[in-house]
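Okay, structure first, notes after.
The values are calculated or read from the model by the stated rules, or taken from the named source; none is laboratory data. Just so we're clear, the structure is a prediction, and the values are computed from it rather than from any experiment. Here the Cβ positions follow ideal geometry from the backbone for every residue, glycine too, while neighbour counts run over all protein chains shown.
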């Protein structure tokens with residue numbers, strides 16, 4: 001039987017994970033956990049909110065799983081919590097929405113979210129702790145590193161490589177066969193036609209008001 | 001048993017609605033109705049075309065439903081007909097394509113069209129008389145006002161607010177957490193990174209011919 | 001019973017077609033075939049690789065089908081092989097992924113690939129030898145000519161016309177009611193708001209590194 005889940009975070013992403021795990025999958029969400037500095041409420045989505053270390057003391061890895069629901073504004077903290085959870089022996093579950101098309105030859109790693117109508121095409125590879133928002137497209141033979149976050153409808157064409165800890169914005173476009181270094185930030189709507197070095201920030205050409 | 005439907009309009013959108021209601025859902029489309037100035041043919045898709053008020057006299061709200069199939073070129077007229085149909089006591093049906101992913105906690109209003117592979121994510125809210133063309137993405141916690149029209153593949157990221165009577169063009173991108181005022185026109189492919197005041201017109205940066 | 005298939009090509013597209021036909025549909029892929037100048041390996045995906053004319057001698061049209069898996073870098077060669085296969089009497093199969101939404105009133109031609117979560121909306125028309133990568137949207141009443149290639153998530157709004165032999169790049173946007181002439185190349189992320197003459201090349205406005 002599935003273990004109950006403790007969700008780390010109490011922002012909008014945590015609310016969504018509670019919906020997916022509890023409402024859609026019928027799993028038990030035991031509690032939410034946040035660092036002391038973010039502890040502002042006793043309950044969230046009808047469940048208790050605990051300080052992070054207190055939650056780990058109460059709900060150990062033999063009886064509970066952890067899901068790190070920290071969004072793209074704090075990817076480094078998500079990675080830190082993910083690594084710590086692993087060291088403590090926790091299993092980190094994943095959620096794949098049934099409307100997503102993930103090819104049979106693609107492996108889904110730990111702490112991964114694949115939302116509505118995402119495509120992960122044949123021969124793609126995903127790292128661990130990857131977030132794919134609705135309608136994201138990871139195309140054939142593309143490799144995605146650990147801890148990446150793809151905002152809604154972001155698309156990477158085939159045979160590309162996305163380094164770890166990247167953020168790819170809403171409806172951004174990455175051409176085929178490119179290499180995107182680790183920790184890049186690709187803005188919403190940006191069109192990437194060349195390789196990107198580590199840590200690059202690429203905002204889109206924005207629309208201007210005409211009338 | 002479902003009442004027969006009278007479709008208001010005889011343009012391409014009306015043809016599509018006839019397809020969805022009659023061909024896909026097996027409902028009866030009784031007739032089409034248009035204002036006198038647009039009355040140019042007796043029949044459309046094999047059904048009679050009547051002047052609008054004449055259609056309302058023949059097919060009243062106790063026996064028929066109305067669907068206002070007036071597209072994005074005439075949103076104000078769609079709203080006017082929608083309001084009038086409501087005052088006369090008509091029910092206005094909606095159509096959601098089975099390939100769309102609409103979260104269980106989202107309510108679909110009257111005279112709403114949700115086409116192929118649209119995503120309306122958990123905690124989003126839709127007004128009434130909303131048109132979502134194929135592959136549109138309305139993401140988590142985003143609120144869409146009445147009478148909006150989203151062209152194909154337009155995407156609004158999470159926790160945004162779209163005022164009433166907006167047009168969002170094909171494959172346009174609206175970043176998360178923005179406020180788009182009423183009656184804005186966002187062009188095809190436009191990337192919106194800041195709040196938009198009421199009535200703003202935002203065309204995209206267009207591609208130029210190089211060779 | 002379905003005839004075995006000979007796939008023409010040994011690049012990434014050929015690998016994908018082998019996956020779709022053999023792994024997903026359970027069909028027999030007999031061999032791969034390439035022109036002599038590209039013959040570099042004896043086997044590909046566990047099957048023999050033959051010189052093109054040799055393959056046609058061994059596997060004739062009464063016992064085998066041909067699929068021309070030559071991608072967008074060599075559209076003219078794909079057309080040449082397609083025409084030759086037709087003249088020799090071969091049937092060219094198509095593959096439509098089950099997650100795609102193709103309206104019932106759309107006909108799928110020979111040597112056509114419709115990948116994950118593509119939408120071909122009601123009243124659209126597709127030519128033959130058309131490649132639609134994942135999440136492509138061909139909207140209502142749009143006509144697509146023979147030998148076109150649509151990269152992932154490219155979108156054409158309604159009632160447009162795309163001439164034969166066009167390439168439409170990843171996440172490109174084509175507004176409704178436009179006419180795109182034959183042999184156009186629309187770049188990844190490009191936004192097309194006007195008709196395009198034959199052979200035009202339209203690159204997108206690219207994102208520039210800011211930090």
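Residue under question is residue B:73, and the condition is that it be out of contact with any strand residue (DSSP E or B) (no Cβ under 7 Å at 6 or more places or on another chain) and modelled with pLDDT under 95; does it hold? Yes: the conditions hold for residue B:73.
Taking the criterion of being assigned to a helix (DSSP H, G or I) and within 21 Å of the chain's Cα centre (by Cα), the residues of segment A:37-78 that qualify are A:38, A:52, A:72, A:73, A:74, A:75, A:76, A:77, A:78. In segment C:170-180, the residue that is surrounded by the fewest Cβ atoms within 10 Å (Cβ to Cβ) out of those that are within 14 Å of chain B (Cβ to nearest Cβ) and either in contact with a helix residue (DSSP H, G or I) (Cβ under 9 Å, 6 or more places away or on another chain) or not in a loop (DSSP other than H, G, I, E, B) (or both) is C:180.
With respect to (1) touching a strand residue (DSSP E or B) at 6+ places or on another chain (Cβ under 9 Å); (2) more than 14 Å from chain A (Cβ to nearest Cβ); (3) on the phi < 0 side of the Ramachandran plot, the lone exception for residue C:111 is condition (3).
Within 28 Å of residue A:198 (Cβ to Cβ), free of Cβ contacts under 8 Å to residues at least 12 places away in the same chain and buried (at least 23 other Cβ atoms within 10 Å of the Cβ) - does that describe any residue in segment C:192-207? For segment C:192-207, residues within 28 Å of residue A:198 (Cβ to Cβ), free of Cβ contacts under 8 Å to residues at least 12 places away in the same chain and buried (at least 23 other Cβ atoms within 10 Å of the Cβ): present.
Can you tell me how many residues in segment A:188-205 are closer than 30 Å to residue B:201 by Cβ, in contact with a strand residue (DSSP E or B) (Cβ under 6 Å, 6 or more places away or on another chain) and facing chain C (nearest Cβ under 10 Å)? The total comes to 7.
Results for (1) within 7 Å of chain C (Cβ to nearest Cβ); (2) buried (at least 24 other Cβ atoms within 10 Å of the Cβ), shown as yes or no for each residue.
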residue: A:138; (1), (2): no, yes
residue: A:143; (1), (2): no, no
residue: A:157; (1), (2): yes, yes
residue: A:162; (1), (2): no, yes
residue: A:166; (1), (2): no, yes
residue: A:182; (1), (2): no, no
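If you go through segment A:193-211 and keep only what is under 16 Å from residue A:148 (Cβ atoms) and not in a strand (DSSP E or B), you end up with A:198, A:199, A:200.
In segment B:137-151, what count of residues is obtained for those that are in contact (Cβ under 8 Å) with a residue 24 or more places away in the chain and in contact with a strand residue (DSSP E or B) (Cβ under 8 Å, 6 or more places away or on another chain)? Quick ask: steps written out before the conclusion?
Step one: of segment B:137-151, the residues in contact (Cβ under 8 Å) with a residue 24 or more places away in the chain are B:139, B:145-147, B:149, B:151.
Next, only the ones that are in contact with a strand residue (DSSP E or B) (Cβ under 8 Å, 6 or more places away or on another chain) stay: B:139, B:145, B:149, B:151.
Looking only at that region, the number is 4.
Of all residues in segment B:159-186, none that is without any contact (Cβ under 8 Å) to a residue 12 or more places away in the chain has its Cβ atom under 9 Å from the Cβ atom of a residue that is crowded, with 24+ Cβ neighbours inside 10 Å and assigned to a strand (DSSP E or B), 6 or more apart or on another chain.
Of the candidates B:148, B:166, B:184, B:196, the single residue that is more than 14 Å from the chain's Cα centre (by Cα) and within 20 Å of residue B:73 (Cβ to Cβ) is B:184.
On inspection, residue C:31 does not qualify as buried (at least 22 other Cβ atoms within 10 Å of the Cβ), within 29 Å of residue A:106 (Cα to Cα), touching a residue at least 24 places away in the same chain (Cβ under 8 Å) and touching a strand residue (DSSP E or B) at 6+ places or on another chain (Cβ under 7 Å). Listed conditions (1) at the interface with another protein chain (Cβ under 10 Å from one of its Cβ atoms); (2) surrounded by 24 or more Cβ atoms within 10 Å (Cβ to Cβ); (3) at pLDDT 95 or above are all met by residue C:129, apart from (1).
If you check residue B:151 against the conditions, is it under 15 Å from residue C:176 (Cβ atoms), within 10 Å of chain C (Cβ to nearest Cβ) and modelled with pLDDT under 95? Spelling it out, it is not the case that residue B:151 is under 15 Å from residue C:176 (Cβ atoms), within 10 Å of chain C (Cβ to nearest Cβ) and modelled with pLDDT under 95. Could you check, for segment C:46-56, whether at least one of its residues is surrounded by fewer than 16 Cβ atoms within 10 Å (Cβ to Cβ) and closer than 29 Å to residue B:12 by Cβ? Checking segment C:46-56: not a single residue is surrounded by fewer than 16 Cβ atoms within 10 Å (Cβ to Cβ) and closer than 29 Å to residue B:12 by Cβ. In segment B:90-98, the condition of being within 12 Å of another protein chain (Cβ to nearest Cβ), crowded, with 19+ Cβ neighbours inside 10 Å, at pLDDT 95 or above and assigned to a loop (DSSP other than H, G, I, E, B) is met by at least one residue. Applying the criterion of being more than 12 Å from chain B (Cβ to nearest Cβ) and assigned to a loop (DSSP other than H, G, I, E, B) to the residues of segment A:114-126, the residue that is surrounded by the fewest Cβ atoms within 10 Å (Cβ to Cβ) is A:123.
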